[in-house]
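To start, the structure under review is shown below, and the notes come after it.
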Amino acid sequence: MAVNLDQALFSQSTGKTVLITGAARGIGAATVRQFNNHGANVILADLTPLKDAAEEVIRTLAHPDRAIFISVNIVNWAELTACFEEAITKFGSVDIVIANAGIMESHPVLDLDAVDENGRLLENEEAGRVIDVNLKGTLNTLRLGLHYMKSKPEPKGSTKSILLVASTSSYFGGTGVTAYIASKHGVLGLLRASQIVARENGVRINAIAPFLTPTHITAGFAKRWDEAGLEKNTPDRVAEAIALVALDPERQGNCVLVAGKYLRELEDSRTKLFPSWLGEDVTGFMAKAMQFFVSIGGYVLPKY
Ligand SMILES: NC(=O)c1ccc[n+]([C@@H]2O[C@H](COP(=O)([O-])OP(=O)(O)OC[C@H]3O[C@@H](n4cnc5c(N)ncnc54)[C@H](O)[C@@H]3O)[C@@H](O)[C@H]2O)c1
């Protein structure tokens with residue numbers, strides 16, 4: 001489903017407070033600029049070593065007095081809680097959360113040559129870190145965002161909003177970047193699994209799935225991609241999509257693919273494809289199964 005981003009939504013930024021993780025560089029820093037240039041307060045939440053980079057971003061903003069850096073590792077619950085509380089103390093509330101921080105492995109996770117002197121395969125600790133930051137860190141950000149922004153659901157669409165930065169790797173696995181792909185598929189799981197609670201608590205949760213965007217994590221091949229003449233993003237293009245989807249009161253549970261000139265909504269369109277993907281019979285069965293869970297008050301959890 002093609003998407004037209006409504007630039008008029010930027011007027012909704014004024015006076016809002018936006019907390020952005022991984023905001024010191026790349027897509028996060030570009031998102032900071034989009035919101036702050038349109039009058040929003042911004043919290044640049046990033047790792048301590050990125051403090052100078054974040055402060056440099058703040059110096060170049062349209063409204064530097066409406067921006068603060070907070071040092072945080074999103075995997076650390078206490079640090080992230082303190083980050084939300086500091087943001088609320090400074091600006092009075094948090095209205096929008098952009099769960100953007102993410103990392104990619106630097107060595108292939110399925111490297112079967114990574115063996116010790118006895119030929120035993122070595123554990124890949126980096127894969128664990130990728131899954132921790134991209135999945136556990138995003139879950140932490142999502143839960144705290146819901147906690148600090150929950151409100152009465154609004155009939156015209158809530159102004160409180162969480163935007164998860166997913167990836168084309170949330171839908172496709174062809175590049176074989178195993179831990180990253182698995183973690184970004186997980187982000188899509190968070191998007192889908194959080195919708196009921198989000199609606200009950202007056203928060204909209206959506207996602208963006210960028211394709212190649214020249215930043216730190218794609219530096220190893222961005223030039224060759226360019227030479228191949230493939231569609232590519234700029235951080236600003238992705239940031240604009242992030243901001244406008246986060247601000248759009250009509251979007252709930254959407255994920256928008258951003259690949260250069262291509263902008264596509266992927267979740268509603270996937271639901272519409274169920275009959276041709278699964279067949280009418282399985283689609284009907286799945287719908288009845290969902291009604292069953294609703295009728296018993298949700299999935300009944302096992303006791304341990
Ligand atoms: N660049 C692309 O082509 C592309 C494509 C699809 C999705 N994405 C996603 O976009 C997001 C931003 O990535 P980017 O391309 O701007 O890369 P980047 O490396 O420039 O930025 C990532 C930021 O996240 C921060 N970060 C990493 N771990 C953190 C942690 N534990 N706690 C707090 N902050 C942490 C980093 O310090 C950095 O500032 C990521 O989630 C990435 O997976 C990027």
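Observations
- For the chain, diffusion coefficient by Stokes-Einstein and Kirkwood Rh (Cα), 10 °C, 1.306 mPa s, µm²/s: 78 µm²/s
- C-alpha center-to-center spacing [the stretch 50-98, the stretch 259-304] in angstrom: 36 Å
- If you take all other residues with their beta carbon under 12 Å from the beta carbon of I162, and give Lys and Arg +1 and Asp and Glu -1, the sum is +4.
- ³J(HN,Hα) computed for each position of the stretch 174-184 - Karplus, 6.51 cos²θ - 1.76 cosθ + 1.60, integer Hz, glycine/proline x: x, 6, x, 7, 4, 5, 4, 4, 4, 5, 6
- Taking amide H atoms as placed 1.01 Å from N in the peptide plane, the amide H of G202 lies under 5 Å from those of S151, each 5 or more residues away in sequence or on another chain.
- This model, with +1 at the C-beta of Lys and Arg and -1 at the C-beta of Asp and Glu, gives the chain a dipole about its Cα centre of some 960 debye.
- Lysines with Cα under 27 Å of K16, excluding same-chain neighbours fewer than 8 positions away: K51, K90, K136, K150, K152, K156, K160
- V258 sits among other residues whose Cβ lies under 15 Å from its own Cβ, and their net charge, with Lys and Arg +1 and Asp and Glu -1, is 0.
- For the chain, adding -39500 (n - 2.57) for each run of n ≥ 4 DSSP H residues and dividing by the number of residues yields -12500 deg cm²/dmol at 222 nm.
- The chain, relative contact order [Cα under 8 Å, separation at least 6], %: 18 percent
- Using the Karplus relation 6.51 cos²θ - 1.76 cosθ + 1.60 with θ = phi - 60°, the per-residue 3J(HN,Hα) values for the stretch 38-50 come to 9, x, 8, 6, 10, 10, 8, 9, 7, 5, 3, x, 9 Hz, with x marking Gly and Pro.
- Sorting the segments 173-179, 117-123 by their residues' average number of neighbouring beta-carbon atoms within 10 angstrom, most packed first, yields 173-179, 117-123.
- The label-point distance for A2 and S93, in a model that sets each label 7 Å from Cα toward Cβ, rounds to 3.7 nm.
Read the figures in this text as sums done on the coordinates, not as results from a lab. Here the structure is a predicted model, which means the values were calculated and not measured. Cβ atoms come from the backbone with ideal geometry, glycine included; neighbour counts cover every protein chain shown.
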